[in-house]
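Note sheet for the following structure.
The values are calculated or read from the model by the stated rules, or taken from the named source; none is laboratory data. Being a predicted model, the structure only gives us computed values, none of them experimental. Here the Cβ is made from the backbone with ideal geometry for all residues, glycine too, and neighbour counts use every protein chain on show.
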Amino acid sequence: MGAAEAEIISILRADRRRWHLLGVVAALDLPDCWIGAGFIRNAIWDHLHQRPPSPPNGDVDVIWYDSDRTDPALDRLHATRLAAIEPSALWSVKNQARMHIRNGDPPYVSAVDAMRHWPETATAVAARHYGAGLCEVAAPLGTGDLFGLILRPTANFVDLKRDVYDERLRSKKWLELWPLLRDA
C-alpha cells in the first residue's frame, strides 16, 4: 500500500459516518464491491482544505461487478437492502458489468476498470472494507490529481465527452466549494 492510499484510509477511518457506511456496504458481501466517487473525493478535499469532514451529500455511489447478474432490478434490490440498514443515506448501486452500454464504452472487466472511464481523475477513487476492520483503496488513475487538488478530465472526457465534464464542473460547483482546486 502506498502513502496516498494509507492517507485515504486514515481520513476515512477518522470520519465515523463514512467508516460506518463502508461497513454497511461490506455487509452486503457483493463481489468486487466499492464505494467511490464523491464519497471519497469530497472527504479528501475537505481534509486538504483543513475542514471537518462534510457528510456525504447526494448519492453514496456503490459499485460492484458481476457479469452473471446484470439485471438492473438487482441494483434496486441492493439499494433497498442498504436503505433498510441505513436509511439516512441516499444509496446508488450499479453493477459495472453493464454500465459500459449506457456509457458507450467497451465492456469493463471489473469495477476498478469501470472507474477508468469516469469523467474526472480525482473522482476515480473508491474504498471498501474487508476482513476485520481493514480497508482497501482502488485508484486506477492514481491519486496525484486528487491530492494535488486538480480537476482533470479522464481520457474519454478530454474531447469526445467534454460537454459532460464541463457540465459537471458547472453543476457541482466544485471550484466554489473547494477554492484551492485548479481546473487543469
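For this structure, a couple of remarks:
- Residues that are under 29 Å from PRO179 (Cα atoms), surrounded by fewer than 21 Cβ atoms within 10 Å (Cβ to Cβ) and of a type in the set (Ser, Thr, Tyr) within segment 125-149 are absent altogether.
- If you check GLY133, GLY142 for being more than 19 Å from the chain's Cα centre (by Cα) and of a type in the set (Gly, Ala, Ser), only one passes: GLY133.
- Those helices (runs of 4 or more DSSP H) lying entirely in segment 7-114 with at least 1 residues in contact with a Gly (Cβ under 7 Å, 6 or more places away or on another chain): 38-48
- Filtering TRP91, TRP34 for residues that are without any contact (Cβ under 8 Å) to a residue 40 or more places away in the chain and crowded, with 22+ Cβ neighbours inside 10 Å leaves a single hit, TRP91.
- Filter result (modelled with pLDDT of 95 or more and assigned to a strand (DSSP E or B)) within segment 130-152: CYS135, GLU136, VAL137, ALA138, ILE150, LEU151
- Residue match in segment 170-184 (condition: closer than 30 Å to ASP68 by Cβ and without any contact (Cβ under 8 Å) to a residue 12 or more places away in the chain): no
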